[in-house]
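Each remark here refers to the structure printed beneath this line.
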Amino acid sequence: MPQHTRESIQTLLQAQGYQTDPQVVMSVFLAMQLRKPLLIEGPAGVGKTEIAKVMARALNTDLIRLQCYEGLDANHALYEWNYQRQLLHLKVLEVTGGQTTEIPSVEAIQAQEETLFSDKFLLKRPLLQAITHHRPPVLLIDEVDRADEEFESFLLEVLSDWQITIPEIGTIQATHIPYVVVTGNRVRELSEALRRRCLYLWIDYPDYDKELAIVLEKVPQIDSRLAKQISSFMQALRQLRLEKTPGIAETLDWATALAALHLDHLDKDLVEQTLGVILKDWKDVRHVQLSLSELYEKAGVISKWDTL
């Protein structure tokens, strides 16, 4: 894989439609140069996961995603044996081998065990897939803070050694070290050991200029006036104290929906009818409904009656 500079990384990210900034470019560049995991934290919906997706496309490699959740254990992250296929294999051997009263030899038993616990019966989960990949993939460990501390310790060991031991097969070492992106929403505090192992990047809600650029990039069919009003409205909306503050993902959903209605400006009636696109909590909806006049003023929103 060719060597990259900060300039080439920025060009690659921008070519994939990612509105980047110097901090993101530097973090991605250093993570690639040092081959260290990049830990990205920030509010939900600000584009943390998108960085891994864009990296994979920019580097023309595969994205392997490990979605973390409460109760996730090593088996679901590493590998599992395909027990159904193993049983089917044994049934086939019984049928094709016929019935016999002879006691099988030790060598025959060992040979059968080696067959049953071979690569063709192994279900590779994300971590093992990444380690055995034919070229360096981008490994996305998404929402690591949703997994428990035991899994975090196990993950730290894998990221340090890049090898996995399967009792029935042996130790498998990585042929190519993956590019690793770890994301978190600060559901719980991560260990200092994991933080020290990673480079760190915080992504916050975008400012007006960046949000507008993202909307125009991702929703090319949108009217520029409408895009500006949506971006202004979202900037003002995030100043309110909400239970679930909408991120850029909700902005894009809203922009796509309003563009599909062929609007060239925000309309008060349609704003109130489409709040469910950007707000996902009834308390937030009630709060915003009580603050709409202020939001309208900041975003330059009008109703059809204002033009008459």
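Every read-out reported here was derived from the displayed coordinates using simple, explicitly stated rules and does not represent laboratory data. Fair warning: this is a prediction, and the values are worked out from it, not measured in the lab. Cβ coordinates were reconstructed from backbone atoms using ideal geometry, including for glycine residues, and neighbour counts include every protein chain displayed.
Holding the Cα-Cα limit at 28 Å, pick out from K124/K280; K53/K268; K91/K120 the pairs that are longer than that.
Working: K124/K280 36 Å; K53/K268 36 Å; K91/K120 17 Å.
K124/K280; K53/K268, as the Cα separations exceed 28 Å there.
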What order, most packed first, do the peptides 246-256, 60-70, 184-194 have when packing is the mean number of other Cβ atoms within 10 Å of each residue?
246-256, 60-70, 184-194
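With a 10 Å radius around each residue's Cβ, average the other Cβ atoms per peptide and rank 225-232, 237-244, highest first.
Working: 225-232: 21.1, 237-244: 14.1.
Put in order of decreasing packing, that is 225-232, 237-244.
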Can you run phi through the Karplus equation (6.51, -1.76, 1.60; θ = phi - 60°) for the range 267-282 and list ³J(HN,Hα) in whole Hz, with x for Gly and Pro?
10, 3, 4, 6, 4, 5, 6, 10, 4, x, 6, 9, 10, 10, 9, 5
